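Notes to accompany the following structure.
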Amino acid sequence: MPMKESGEMYLETILVLLKTKQDVRAIDVAEKMEHSKPAVSRALAKLKEQDYIVVDRDGFITLTETGREIAGKIYERHTTIAALLMHIGVDEETAAADACKIEHVISDSTFELLKKYSVKQQDGE
């Protein structure tokens, strides 16, 4: 069964936090996503149960290999789509918000074509 958008968002948020912080806890995720701590705790429990994250006895969160793969895929989609939208003139805030929606529903094949197009644009073709 494919992962729900909310699960992808949590994994992506954890990945982004891990890029800037050595230690990530549920409170960091709650603050970043602007969700309540109880809601985050429930979501993290599901991700842990599904083997996407590991939470150690001190509450530090790490991504499993599978969790990191999914988070990386979503993060790549987000950054690529946002950059393309800004390239065509969309302001940064709107591009980020729109990319956040699109990244979860775009097909793999369409994204691959967008990625190729993006590279061509960067190369000046």
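The values are calculated or read from the model by the stated rules, or taken from the named source; none is laboratory data. Predicted model, so just to flag it, every value in this text is computed and none were measured. Note that we place each Cβ from the backbone using ideal geometry, even for glycine, and neighbour counts take in every protein chain shown. SASA here: full protein model, heavy atoms, side chains in, ligands and nucleic acids out. Shrake-Rupley method; radii C 1.70, N 1.55, O 1.52, S 1.80 Å.
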### Message
Just to be sure I understand, how many residues within the range 51-62 are exposed (fewer than 14 other Cβ atoms within 10 Å of the Cβ) and either under 16 Å from K4 (Cα atoms) or charged (D, E, K, R) (or both)?
### Response
4
### Summary
Of the conditions (1) in a loop (DSSP other than H, G, I, E, B); (2) surrounded by 14 or more Cβ atoms within 10 Å (Cβ to Cβ); (3) free of Cβ contacts under 8 Å to residues at least 12 places away in the same chain; (4) not aromatic (F, W, Y), the single one that V24 does not satisfy is (3)
### Task
Quick one: in the range 63-75, of everything that is farther than 17 Å from K115 by Cβ and out of contact with any Leu (no Cβ under 8 Å at 6 or more places or on another chain), which residue is least open to solvent (accessible area, probe 1.4 Å)?
T64
#### Entry: Residue check for R42: open to solvent by less than 80 Å² (accessible area, probe 1.4 Å) and not in a loop (DSSP other than H, G, I, E, B)
no
